[in-house]
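Student: A single structure is presented below for examination.
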Amino acid sequence: MKRGDLYRVHRPAGDPKRHRTFVVVSRQALIDSKFSTVICAPVFSNGEELSTQIAVGPDQGLRHQSWIMCDNLISLRKSDLTQFVGSMSPTLLADLKRALKMALDLY
């Protein structure tokens, strides 16, 4: 598992959908640690092209154009991240980093 990997999660807590795709956004040191959870951002089929949203799609293993929502971060158990979908390119990872900085006001 690494930052930028996308996973489909069955019945995520508090989500009305049966499945939701999430992208792992935690730093690699946390992902590699014995911690049982990682921070993830949900993927939605609709977006508004905000600075905190990243467009992803078939190149990342998804069926259609979607949006990573960096304003909706959630902690998920690593054990729930079993259905690998795909990975983000280095260019998209740079966009993700910018969107996370914007969402968390880290400039």
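Student: For n ≥ 4 DSSP H runs only, could you compute -39500 (n - 2.57) per run for the chain, divide by its residues and tell me the 222 nm figure to the nearest 500? List each step's numbers first, then the result.
Tutor: On the way: 2 runs with 19 residues, N = 107.
Taken over the chain, the calculation gives -5000 deg cm²/dmol.
Student: Mind checking the range 30-76 for chymotrypsin sites (Phe, Trp or Tyr not before Pro) that DSSP puts in a loop (not H, G, I, E or B) and that have at most 15 other Cβ atoms within 10 Å? Don't skip to the answer; put the middle values down first.
Tutor: Details: sites: PHE35, PHE44, TRP67; in loops: PHE35.
Sparse-neighbourhood loop chymotrypsin sites (Phe, Trp or Tyr not before Pro): PHE35.
Student: Let me ask something else about it. Would you please name the trypsin sites (Lys or Arg not before Pro) within the range 52-95 that are DSSP coil residues with at most 15 other C-beta atoms within 10 Å of their C-beta? Could you put the intermediate results ahead of the total?
Tutor: On the way: sites: ARG63, ARG77, LYS78; in loops: ARG63.
Sparse-neighbourhood loop trypsin sites (Lys or Arg not before Pro): ARG63.
Student: Another question about this same structure. Starting from 0.36 nm per residue, how many nanometres of slack lie between LYS97 and ARG11 once their C-alpha separation is accounted for?
Tutor: Values: separation 86, 0.36 × 86 = 30.96 nm, distance 2.69 nm.
Contour length minus the Cα-Cα distance gives 28.3 nm.
Student: Can you give the relative contact order of the chain as a percent, counting alpha carbon pairs under 8 Å and 6+ residues apart? Numbers along the way, then the final one.
Tutor: Working: 206 pairs, mean separation 31.0, N = 107.
After rounding, I find 29 percent.
The numbers here are math on the coordinates, done by the rules we state, and not lab data. Remember, predicted model here, so these are calculated numbers, not experimental data. Here Cβ is always computed from backbone atoms with ideal geometry, including for glycine, and neighbour counts include all displayed protein chains.
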